[in-house]
Amino acid sequence: MGFEEEWAQLKAEAAERAASTPTVPPVARALPAEVDPVEQVREAVLERLADFRSRVVLVPLDERDGLWTAEFGGLDWICAFSDEEALARFAAARGDEGRKWSYRRVVGARLLDEVVPVLDFPCGVALDAAGPDGAVFPPVRGIVPDEAALDGEAA
């Protein structure tokens, strides 16, 4: 028996087996649970907040050695930076690249839990302003203590 004859016989046997095998319906695949886009965003925000709270950030000082703040959208923001590169990018965006910026190293949780509540004005924290991965942490419940939150109970 030559190759072509052997090949034809193998194909015929395979066809016979396929015809005699009972058809089994396909197994239903488990579909992934519906993903709620709002829940995804919420989880991403909570992860970003947890990362910020555990991180040491650089906070520039003003001329009186207080934490430097900027007003935006009718609210004051403490400007915090992940590193000196992010602070330099911010300075360049302001046209202050030659300025010597004094800063303090502060844990993010301390800014939100201790500093924001003692200010006599509503204030949030802006992380890496002028950077591609910037974030804001407004003074609202879940981010700052309730007594400092704009949507919280005043003490």
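The values are calculated or read from the model by the stated rules, or taken from the named source; none is laboratory data. Source: prediction; values computed, not measured. Cβ sites come from the backbone with ideal geometry, for glycine too, and all protein chains shown count toward neighbours.
Some observations on this one:
- The sole residue among GLY124, GLY131, GLY108, GLY98 that is under 21 Å from the mean Cα position of the chain (by Cα) and at pLDDT below 90 is GLY131.
- Given (1) in a loop (DSSP other than H, G, I, E, B); (2) in contact with a Leu (Cβ under 8 Å, 6 or more places away or on another chain), index of the condition ILE78 fails: (1)
- On inspection, ALA70 passes the criterion of being in contact with a Phe, Trp or Tyr (Cβ under 8 Å, 6 or more places away or on another chain), among the small types (Gly, Ala, Ser) and modelled with pLDDT of 90 or more.
- Just one of the listed residues (ALA130, ALA109, ALA149) is in contact with a strand residue (DSSP E or B) (Cβ under 8 Å, 6 or more places away or on another chain) and aliphatic (A, V, I, L, M), namely ALA149.
- Only one entry in SER82, SER54 is over 21 Å from LEU150 (Cβ atoms), among the small types (Gly, Ala, Ser), surrounded by 13 or more Cβ atoms within 10 Å (Cβ to Cβ) and touching a strand residue (DSSP E or B) at 6+ places or on another chain (Cβ under 9 Å), namely SER82.
- Criterion: over 18 Å from ALA148 (Cα atoms), among the basic types (Lys, Arg) and in a strand (DSSP E or B) - qualifying residue of ARG104, ARG89, ARG99, ARG64: ARG104
- Members of segment 59-71 found to be touching a residue at least 24 places away in the same chain (Cβ under 8 Å) and in contact with a Leu (Cβ under 8 Å, 6 or more places away or on another chain), listed by number: VAL59, PRO60, LEU61, LEU67
- Checking each residue in segment 120-154 for being among the hydrophobic types (A, V, I, L, M, F, W, C), assigned to a loop (DSSP other than H, G, I, E, B) and either crowded, with 17+ Cβ neighbours inside 10 Å or out of contact with any Pro (no Cβ under 9 Å at 6 or more places or on another chain) (or both) picks out PHE121, ALA129, ALA130, VAL140, ILE143, ALA149, ALA154.
- Counting residues in segment 112-125 that are charged (D, E, K, R) and in contact with an Asp or Glu (Cβ under 9 Å, 6 or more places away or on another chain) gives zero.
- Sub-9 Å Cβ pairs linking a first residue in segment 39-58 that is assigned to a strand (DSSP E or B) to a second residue that is among the basic types (Lys, Arg), at least 6 apart or interchain, are VAL56/ARG105; VAL57/ARG105; LEU58/ARG104; LEU58/ARG105, ordered by first then second residue.
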